[in-house]
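J.: Below are the structure tokens for one structure; questions will follow.
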Amino acid sequence: MAHANLDTVKSYLLDLQDRLCSGLAAEDGGAGFREESWQREAGGGGRSRVIENGRVFEKGGVNFSHVYGERLPPSATAARPQLAGRGFHAVGVSWVLHPHSPHIPTSHGNVRFFIAEKAGEAPVWWFGGGFDLTPYYPVHEDVVHWHRVARDACEPFGPEVYPRFKAWCDDYFYLKHREETRGVGGLFFDDFNEWGFDKSFAFQRAVGDAFLDAYLPIVQRRRDMPWSEQERDFQLYRRGRYVEFNLVWDRGTLFGLQSGGRTESILMSLPPLARWEYGWEPEPGTPEARLYEEYLHPRDWLGEEESGHE
């Protein structure tokens, strides 16, 4: 059958990958992205773009993939068991940035589209995606800016959209075994088709298009701040939490591996360096302690700002 909707989304995602790489490489001002195209034996492929050892970004990637097959992987049907056994197309762009500086947050985002098919039945489709921020030495104004851009992207679709998908992000990017959020959240949505294709696709575009506006101003404010070896060690320690989430809880990682995707592209999200230390706790009153006390739990950042409370 024809996949007019799929082709429309795919064209947008390829363009989004180009725009993200252009904006991020310009901000880095040193290294550019190198591209590798790949094919999946069971159907589909993609193009992976990675930046390494730049002036700002120690490692980052912006990956496009379009994979298809005869049976949805278990991770894709966890919330919809009735779709098990259907053929599928999955198309998406995902990105992760790991800066050198402990004062620039790590950031992640993705936007994706699925079609599940079965002979004799109408295709079932849905969107997913979002973006989130993982600071090490957070600055309140940066977090408020991040969430304000997220709210502005949601605003044309209704006042209830940002609170709904902000809460979903807080809930999803939560390390249950640590009882802490991965960072300060953002937006997250999945299995989403309730608005119909045109409006749902418009929302996906709004989210994808908002990322650079949310992230680059933070990079620009923090990129020239000096840092110490102690701050670098703490960044590497907290990167360990990022690794734990992606390998233990993240549905996107599981989908990629279960669907036979390209392992190098799937694990691109992992930082180049991380560390673990047994039983470590921050000293009271330090910036490191402030991260745990004030930032690693859900907060109404914009509501607090508007009411005059930090």
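The values are calculated or read from the model by the stated rules, or taken from the named source; none is laboratory data. This structure is a prediction, so every number in the text was calculated from the model and none was measured. Counting neighbours? That spans all protein chains shown, and the Cβs are built from the backbone with ideal geometry, glycine included. Each accessible area value is taken on the protein alone, full model and side chains, heavy atoms only, with ligands, DNA and RNA left out. Shrake-Rupley method; radii C 1.70, N 1.55, O 1.52, S 1.80 Å.
J.: In whole Å, how far is the Cα centre of the range 180-202 from that of the range 233-280?
T.: With the range 180-202 and the range 233-280 each reduced to a Cα centre, they are spaced 22 Å.
J.: Also, quick follow-up: How big is the charge dipole of the range 1-58 about its Cα centre, in debye rounded to the nearest 20, if each Lys and Arg gets +1 on its Cβ and each Asp and Glu gets -1 on its Cβ?
T.: Numbers: 7 positive and 10 negative charges, 21 e Å.
In debye, rounded to 20, the range 1-58 gives about 100.
J.: Straight-line reach only, C-alpha to C-alpha below 27 angstrom: list the lysines that LYS166 could link to, leaving out same-chain residues fewer than 8 apart.
T.: LYS10, LYS59, LYS176, LYS199
J.: Please identify every one of the GluC sites (Glu not before Pro) in the range 167-256 that sits in a loop by DSSP and has no more than 15 other beta carbons within 10 Å of its own beta carbon. Mind dumping the intermediate values first?
T.: Working: sites: GLU179, GLU180, GLU194, GLU229, GLU231, GLU244; in loops: GLU179, GLU194.
Passing both the DSSP loop test and the Cβ count: GLU179, GLU194.
J.: What percentage of the solvent-accessible surface of the range 1-129, computed with a 1.4 Å probe over protein heavy atoms, is contributed by carbon and sulfur atoms? Display every interim value, and only then the final one.
T.: Working: 2460 of 5140 Å².
Using a 1.4 Å probe with all protein chains present, the range 1-129 comes out at 48 percent carbon and sulfur.
J.: How large are Rg and Dmax for the range 271-310 when calculated on the C-alpha trace, in angstrom?
T.: In Å, with Rg to one decimal and Dmax whole: 14.4, 40.
J.: Looking at the range 1-69, send over the antiparallel percent of its DSSP beta bridges, to the nearest 5. Could the numbers behind the result be given before it?
T.: Details: 15 of 15 bridges.
Taking every DSSP beta bridge within the range 1-69, about 100 percent pair in antiparallel fashion.
J.: Just the C-alpha atoms of the range 2-73: what Rg/Rh do they give, with Rh taken as the Kirkwood radius?
T.: Numbers: Rg = 14.6 Å, Rh = 13.6 Å.
Result: Rg/Rh = 1.07.
J.: OK, next. Taking the Cα centre as origin and putting +1 on Lys and Arg beta-carbons and -1 on Asp and Glu beta-carbons, what dipole magnitude results for the range 58-150, to the nearest 20 debye? Can you show the working numbers first?
T.: Details: 7 positive and 7 negative charges, 59 e Å.
Using Cβ point charges on Lys, Arg, Asp and Glu, the range 58-150 gives about 280 debye.
J.: Report, to two decimal places, the Cα Rg of the chain normalised by 2.2 N^0.38 Å (N = number of residues). It would help to have the intermediate numbers written out before the result.
T.: Numbers: Rg = 19.2 Å, N = 310, 2.2 N^0.38 = 19.5 Å.
Its radius of gyration relative to the 2.2 N^0.38 Å reference: 0.99.
J.: Ok, one more. Using a 1.4 Å probe over the heavy atoms of the protein chains, calculate the carbon and sulfur portion of the accessible area of the range 145-299 as a whole percent. Provide the component values of the computation, followed by the final result.
T.: Working: 3830 of 7350 Å².
Using a 1.4 Å probe with all protein chains present, the range 145-299 comes out at 52 percent carbon and sulfur.
J.: Would you kindly state how much longer the chain becomes between ALA289 and THR8 on full extension, computed as 0.36 nm times their sequence separation minus their alpha carbon distance, in nm to one decimal? Intermediate results must be reported in sequence, preceding the final value.
T.: Values: separation 281, 0.36 × 281 = 101.16 nm, distance 4.67 nm.
Gain on stretching ALA289 to THR8: 96.5 nm.
J.: Quick one: order ASP191, ASP209 from most to least accessible surface, probe 1.4 Å. It would help to have the intermediate numbers written out before the result.
T.: Working: ASP191 35, ASP209 70 Å².
Ranked list, largest accessible area first: ASP209, ASP191.
J.: What number, rounded to the nearest 500 deg cm²/dmol, is the helix-based mean residue ellipticity at 222 nm of the chain, given -39500 (n - 2.57) per DSSP H run of at least four residues and division by all its residues?
T.: Numbers: 9 runs with 121 residues, N = 310.
Counting only the DSSP helices, I get -12500 deg cm²/dmol.
J.: Which percent of the Cα-Cα distances in the range 42-195 go past 27 Å? Don't skip to the end; give the middle numbers.
T.: Numbers: 4039 of 11781 pairs.
Considering the range 42-195, 34 percent of its Cα-Cα pairs are separated by more than 27 Å.
J.: Leaving out ligands, DNA and RNA but keeping every protein chain, what accessible area does THR263 have, in Å² rounded to the nearest 10, with a 1.4 Å probe?
T.: 70
J.: Please grab the % of Cα pairs in the range 117-246 that end up more than 20 Å from each other.
T.: 53
J.: Follow-up. What whole-number value in Å² describes the accessible area per residue of the range 36-169 for a 1.4 Å probe? Before the final figure, lay out the partial values.
T.: On the way: 4830 Å² over 134 residues.
Per-residue accessible area for the range 36-169 comes out at 36 Å².
J.: Could you size up the charge dipole of the chain around its Cα centre, putting +1 on the beta carbon of Lys and Arg and -1 on that of Asp and Glu, and report it in debye to the nearest 20? Write out the running numbers ahead of the final one.
T.: Details: 34 positive and 47 negative charges, 212 e Å.
My answer is approximately 1020 debye.
J.: Could you tell me how many degrees, from 0 to 90 and to the nearest 10, lie between the Cα long axis of helix 229-248 and the main elongation axis, the longest principal axis, of the Cα atoms of the chain?
T.: Orientation of helix 229-248: about 30 degrees from the principal axis.
J.: Mean projection of the alpha-carbon convex hull of the range 10-120 over all orientations, in nm²?
T.: On the way: hull surface 32.9 nm².
Directional mean of the projected Cα hull area for the range 10-120 stands at 8.2 nm².
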